[in-house]
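Okay, here's the structure, questions in a sec.
The values are calculated or read from the model by the stated rules, or taken from the named source; none is laboratory data. Here the structure is a predicted model, which means the values were calculated and not measured. Backbone-built Cβ (ideal geometry, glycine too); neighbour counts: all protein chains shown.
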Amino acid sequence: MTERRHDAPGGGTPSAGRDEAAPASARRKPRSQRSATVAYGGSAVAFAAVLGALSFQVAAGGDPAIGAGEPAAGPPAERVLVRRIVRRVVTTREAPAAPAPAPAPPTTRSS
Amino acid sequence: MQDVTFTCMGCEMRLIADGVGDAGLRGARELLDAIDARLSRFRPDSELSRLNADPRTTVPASPLLRAAVGAALWAAERTRGLVDPTLLGDLERHGYAASLAAGPRPALADAVAAAPARAPARPRPGAPWRAVAIDNAAGTITRPPGLRLDTGGTTKGLAADAVAQLLAGARRLVVDCGGDLRVLVAPGAAPFDVAVEHPLSGERAAMLRVARGGVATSGLGRRLWRDAAGRPAHHLLDPSTGAPAWSGLVAATAVGSTTLEAEALAKAALLRGPLAARRVLGRRGGVLVGDDGSVELVGRAAAGRPSHVVKPAPAGQRAVAS
């Protein structure tokens, strides 16, 4: 009877195969593994970019979550009842007398 | 400052006094009343009237009457006979026998227009006033019988001087006897601005700044009437003719060391006429008003310099004609 081996492409044991006959291209990571790396790296870069943008925005006072925000309200105004007391003082002054006409200067005339 | 006006001697009197009490003013009025009572020729019972009616050559006279006659003689001497106290007869003959203080009088402009030709007055020949003598020791006045005296030409000046002497303690004083003024101002006090009335318009003709001395005006405007013939007449007679003098001036204002002197100079200036009046008024000066209404400032008044001023007058307060 014939024994058939079904080797995995590349033959031999997996380890033996890799060691022995793997070309340079074969030594590259597998496609799935590369995709993960790219995904992870891209995600990290995107995260860093978004994080940087958000940091800049927050530093600039534009918090995207809370918006520009309202100015901080002071403590509630204390209600003070002010009673204005108006005191009126009426002063009556006598109108100054009309200035007396200046006396006529001494006058010399024929007598 | 007290300012009192009242009537005496047939004209308006005014006392402007600073530093004089009521008693002083009362005394001044009493003195003026006494002068009027004793020296008025319109009062038959006055001492002057009794002297004129006395047939004796030498007549006892009170100190006041002797002072009044003495002042009249002094004025005659000072004016070389132009202010003559012996013209009473001529004055009455031309219609001035009673007081003219009240009653209508013709307008001066009309009188000037109807007046005869202008001519300067001259002293009376013989100067009868020189025959009058006063003996203060004996208390008498001697004059030829029948020579009547009129002290009216100098009495107001004498009265102003007498009142000023009575109130000599005043800080500032003006004694105004019917337009004849005596001014007295203590050193450091402000002098008085004395207005000169224009005889034709009644407006102010000029302003003189006076600190002490006398200011008097002689003019035709106040004692003016028509004689029996209807001709205009006034009380300033030409001694040489015994008739009213028409010299070309209607008023003359003089400044003197006393009111008596100012009064004598003013009369003499008016009687002499425009040409000689400037010389009569002399260095002290005064104001001349021509019968055409023209006003001329003479002497210090013309130079804008005040008369008898204690302190120099501020700039811009010169004598002005208006």
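Among B:LEU260, B:LEU270, which is the only one that is crowded, with 22+ Cβ neighbours inside 10 Å, at pLDDT 95 or above, under 30 Å from B:ALA186 (Cβ atoms) and not acidic (Asp, Glu)? I'd like the intermediate steps shown before the answer.
On the way: B:LEU270 fails: under 30 Å from B:ALA186 (Cβ atoms).
Of the residues listed, the single one that is crowded, with 22+ Cβ neighbours inside 10 Å, at pLDDT 95 or above, under 30 Å from B:ALA186 (Cβ atoms) and not acidic (Asp, Glu) is B:LEU260.
From the list B:PRO128, B:PRO123, pick out the single residue that is surrounded by 15 or more Cβ atoms within 10 Å (Cβ to Cβ), within 19 Å of the chain's Cα centre (by Cα) and either farther than 18 Å from B:LEU31 by Cβ or in contact (Cβ under 8 Å) with a residue 60 or more places away in the chain (or both).
On the way: B:PRO128 fails: within 19 Å of the chain's Cα centre (by Cα).
Unique residue meeting the criteria: B:PRO123.
Looking at the structure I just gave you, is B:VAL185 within 10 Å of another protein chain (Cβ to nearest Cβ) and modelled with pLDDT of 90 or more?
Working: within 10 Å of another protein chain (Cβ to nearest Cβ): no; modelled with pLDDT of 90 or more: yes.
Taking the combined requirement at face value, the residue does not satisfy it.
Look through segment A:93-111, keep the residues that are part of a loop (DSSP other than H, G, I, E, B) and at pLDDT 85 or above, and return whichever of them is farthest from the other protein chains (Cβ to nearest Cβ).
Within segment A:93-111, the first condition is being part of a loop (DSSP other than H, G, I, E, B), and the residues that meet it are A:93-106, A:109, A:111.
Retained after the next criterion (residues that are at pLDDT 85 or above): A:104-106, A:109.
On the way: A:ALA104: 8, A:PRO105: 5, A:PRO106: 4, A:ARG109: 4 Å.
Among those residues, the one meeting the criterion is A:ALA104.
Return yes or no: is B:ARG300 surrounded by fewer than 24 Cβ atoms within 10 Å (Cβ to Cβ) and within 14 Å of another protein chain (Cβ to nearest Cβ)?
On the way: surrounded by fewer than 24 Cβ atoms within 10 Å (Cβ to Cβ): yes; within 14 Å of another protein chain (Cβ to nearest Cβ): no.
Criteria not met by B:ARG300.
With B:ALA229, B:ALA211, B:ALA245, B:ALA206 as the choices, which residue is among the hydrophobic types (A, V, I, L, M, F, W, C), surrounded by fewer than 23 Cβ atoms within 10 Å (Cβ to Cβ), in contact (Cβ under 8 Å) with a residue 12 or more places away in the chain and more than 9 Å from chain A (Cβ to nearest Cβ)? Walk me through it before giving the result.
Values: B:ALA229 fails: in contact (Cβ under 8 Å) with a residue 12 or more places away in the chain; B:ALA245 fails: surrounded by fewer than 23 Cβ atoms within 10 Å (Cβ to Cβ); B:ALA206 fails: surrounded by fewer than 23 Cβ atoms within 10 Å (Cβ to Cβ).
Of the residues listed, the single one that is among the hydrophobic types (A, V, I, L, M, F, W, C), surrounded by fewer than 23 Cβ atoms within 10 Å (Cβ to Cβ), in contact (Cβ under 8 Å) with a residue 12 or more places away in the chain and more than 9 Å from chain A (Cβ to nearest Cβ) is B:ALA211.
Still on this structure, I have one more. Going residue by residue through segment B:173-181, is there one that turns out to be touching a Cys at 6+ places or on another chain (Cβ under 6 Å) and of a type outside the set (D, E, K, R)? Let's see the steps before the verdict.
Within segment B:173-181, the subset touching a Cys at 6+ places or on another chain (Cβ under 6 Å) is B:178.
Now drop any that are not of a type outside the set (D, E, K, R), which leaves B:178.
Yes: segment B:173-181 contains one or more residues that are touching a Cys at 6+ places or on another chain (Cβ under 6 Å) and of a type outside the set (D, E, K, R).
Can I ask one more? From the list B:ARG78, B:ARG105, B:ARG66, pick out the single residue that is surrounded by 14 or more Cβ atoms within 10 Å (Cβ to Cβ) and either free of Cβ contacts under 8 Å to residues at least 60 places away in the same chain or farther than 23 Å from B:THR259 by Cβ (or both). Walk me through how you get there before you give the answer.
Numbers: B:ARG78 fails: either free of Cβ contacts under 8 Å to residues at least 60 places away in the same chain or farther than 23 Å from B:THR259 by Cβ (or both); B:ARG66 fails: either free of Cβ contacts under 8 Å to residues at least 60 places away in the same chain or farther than 23 Å from B:THR259 by Cβ (or both).
Answer to the selection: B:ARG105.
Go through segment B:275-316 residue by residue and tally those that are modelled with pLDDT of 90 or more, assigned to a loop (DSSP other than H, G, I, E, B), more than 18 Å from A:THR108 (Cα to Cα) and among the small types (Gly, Ala, Ser).
Total satisfying the criteria: 0.
Within segment B:28-46, work out how many residues are within 19 Å of the chain's Cα centre (by Cα) and closer than 13 Å to B:LEU64 by Cβ.
Qualifying residue count for the region: 10.
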